[in-house]
Amino acid sequence: MCIYLYEGETGPATHATCTGADGSWWIGDVTAGEYRVAFADHSGGHHTQWWDGTASGSAGYTGSTALTVTGGQTVTGVNATLAPTP
């Protein structure tokens, strides 16, 4: 699974990473601001999910919740449980 940070509804992700074998992830050098977080399984086995403050997430950007990042901050608890595709 890969994780993408977006600063706005349009345009490419500003930051990206993929999970480690244990499912953990980390993105460094993120400037202060508000970001939307998308979780994607590029194998096609799961639906893309946008973070909305819960593990079940949102199916799209408009249902997502902005994640506010401040300088020098470590943010934890941003994760997802992706639903399998039929």
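Computed from the coordinates by the stated procedures, all read-outs in this text should not be read as laboratory data. Values in this document were obtained by computation on a predicted structure and should not be read as measured data. Neighbour counts are summed over all protein chains in view; Cβ atoms, including those assigned to glycine, are modelled from backbone coordinates with ideal geometry.
Summary table
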quantity: Hits in the range 53-86 (condition: assigned to a loop (DSSP other than H, G, I, E, B) and in contact with a Lys or Arg (Cβ under 7 Å, 6 or more places away or on another chain)); calculated: SER64, ALA66
quantity: Search result, residues across the range 28-52 that are assigned to a loop (DSSP other than H, G, I, E, B) and surrounded by 12 or more Cβ atoms within 10 Å (Cβ to Cβ); calculated: VAL30, ASP41, HIS47, THR48, TRP51, ASP52
quantity: Residue pairs meeting the criteria (Cβ under 8 Å; at least 6 apart or on separate chains; first in contact (Cβ under 8 Å) with a residue 12 or more places away in the chain and among the basic types (Lys, Arg), in the range 28-43; second crowded, with 16+ Cβ neighbours inside 10 Å and not in a loop (DSSP other than H, G, I, E, B)); calculated: ARG36/LEU5; ARG36/TYR6; ARG36/TRP50; ARG36/LEU67
quantity: ASP22, sole failed condition from (1) in a loop (DSSP other than H, G, I, E, B); (2) touching a helix residue (DSSP H, G or I) at 6+ places or on another chain (Cβ under 8 Å); (3) among the charged types (D, E, K, R); (4) free of Cβ contacts under 8 Å to residues at least 40 places away in the same chain; calculated: (2)
quantity: In the range 53-86, residue surrounded by the most Cβ atoms within 10 Å (Cβ to Cβ) [restricted to those that are within 10 Å of the chain's Cα centre (by Cα) and of a type in the set (A, V, I, L, M, F, W, C)]; calculated: ALA80
quantity: Tabulated pairs, the range 45-62, first under 22 Å from THR76 (Cβ atoms), second aromatic (Phe, Trp, Tyr) and assigned to a helix (DSSP H, G or I), C-beta under 9 angstrom, 6+ apart or interchain; calculated: TRP50/TYR61
